[in-house]
Amino acid sequence: MSGNEKRALVPRLRFPEFRAEWTFSPMSKAYSFKGNNSLSRDKLNYKGGSFRNIHYGDIHTKFALHFRVDSESVPYINDGESHSAIRPENYCSVGDMVFADASEDTADIGKAIEIIDTGDVPLVSGLHTILAKHNDAPFALGFGAYLFSSEGVRKQIQREAQGAKVLGLSASRLGNVLLHYPSETDEQQKIADCLSSLDELIAAETQKLDTLKTHKKGLMQQLFPVIDDNAPVGARHAVPLQPRLRFPEFWEAEGWKATPLSELAENLDNRRIPVTESNRTKGNVPYYGASGIVDYIQDFIFDDELLCISEDGANLVARATPIAFSISGKTWVNNHAHVLKFGRRYTQRLVENYLNFTSLEDFLTGMAQPKLNRAMLDTIPVPLPQDEDEQQKIADCLSSLDELIAAETQKLNTLKTHKKGLMQQLFPVMDGVLG
């Protein structure tokens, strides 16, 4: 459409009390762009100072869409640092939007937060950010965060980004983004309130999940005895061990024993086979790498000598950034992981939990990219009760907690999926209309 033919879109879902048409505006007309500083992390601190500073990395990784300075960990600018952009007209104000203008990931380029509360210390927009202040009548407070995270606006921002390995976004190109929004601020507020209530539910579920994970970590610290990290690796399984917390029926049982992993499980690394034209598989066969399921085998996408077949009930231990998890059924595994087969399921569960709980740093080899090789894997001492009934009891306890964590994770994912679907209904889809 030409500029004169463009018209405002309407969403698929609206609150019944609103009938007025939505309006549209290029961002360059709705917002004015202000200066930011370019101070790096080493110019910032978390103790105190005269200015607080929004760094683009924090927008990517931790700040909420609705930014409240007292609810976030926001660094200060070191005393004595100066920058021409640090002046009153460039201070962040309530209702401002701050965008991250650099990212290695398309999904994060132009990610934005809306300033809801600035606190008592002047707040400024820092390295690799774009500060946008609304012209004329501002949006209802809280609406901007959802507008700029809606699918239609995000796709436009991604198209405006430039670069190869690192994507960049300029204020002038951000200004090209066409915004469609309710002309009535009451409707804006209604949308913001609806989505905010959903975000509160998501935050509550996230807190519950984090609490469960913290509880499990604390329980692991009590249930598993501490192995002396200062002892030579080969001697860490030489003495009996006592956990700090034990089920009462095992109080009088003998101490735990740290057993080398090679004595607890059969290593199936020798099952690795070359991939040839005849044994390449097309279909839904899970393919595991160093951090879990990578993909499904399809046509000829995998290199020779990278795969092996696992067995039911095997444990997978990654070579890089070690993590342990269970696999079953016919599975292909690449050479960035070890496959272990245990004789008893409860022993497997205990070993899996222990390997994910403890640090394996002492067992990694290599400099640039440390890995866990077969020889070092075999020597890892795993503390276990010598009474198999006690092993079963602890495994059952941890499994029940894992089931709770899995259930809360599912609830959280369901809420996030619901929010994504609701956003797609509450904001118009612009593809194919803006040409």
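Here the spin labels are modelled as points 7 Å beyond Cα on the Cα-Cβ line, and at Arg87 and Glu263 they lie 7.4 nm apart. Among Lys216, Lys416, a tally of other beta-carbon atoms within 10 Å of each Cβ gives an order, fewest to most, of Lys416, Lys216.
How large is the Rg to Rh ratio of the range 121-228 when both quantities use alpha carbon positions and Rh follows Kirkwood? Walk me through the numbers on the way to the answer.
On the way: Rg = 21.0 Å, Rh = 18.0 Å.
In the range 121-228, Rg relative to Rh is 1.16.
Which semi-axis lengths, in whole Å and largest first, follow from the square roots of five times the eigenvalues of the Cα gyration tensor of the range 348-435?
On the way: eigenvalues 380, 120, 10 Å².
The answer is 44, 24, 7 Å, longest axis first.
Model label sites at Asn45 and Val94, defined 7 Å from Cα along the beta-carbon direction, differ in position by 3.1 nm. Rg and Dmax of the range 22-182, both derived from C-alpha coordinates alone, stand at 14.9, 48 Å.
Straightening the chain between Gln207 and Arg271 buys 18.8 nm, computed as 0.36 nm per residue apart minus the Cα-Cα spacing.
Could you tally the net charge around Thr414, taking each other residue with its Cβ under 13 Å from the Cβ of Thr414, Lys/Arg +1 and Asp/Glu -1?
Numbers: positive: Lys411, Lys416, Lys419, Lys420; negative: Glu205, Glu408.
Residues near Thr414 contribute +2 overall.
Give me the extension gain from Thr365 to Gln222: residue separation times 0.36 nm, minus the current Cα-Cα distance, reported in nm with one decimal. Don't skip to the answer; put the middle values down first.
Values: separation 143, 0.36 × 143 = 51.48 nm, distance 2.95 nm.
48.5 nm is the gain from fully extending Thr365 to Gln222.
The range 158-226 and the range 339-395 have Cα centres spaced 35 Å apart. Subtracting the Cα-Cα distance of Ser32 and Leu404 from 0.36 nm times their residue separation leaves 129.1 nm of extension gain.
Bear in mind that the values in this text are calculations on the coordinates, not laboratory data. Values in this document were obtained by computation on a predicted structure and should not be read as measured data. Backbone-built Cβ (ideal geometry, glycine too); neighbour counts: all protein chains shown.
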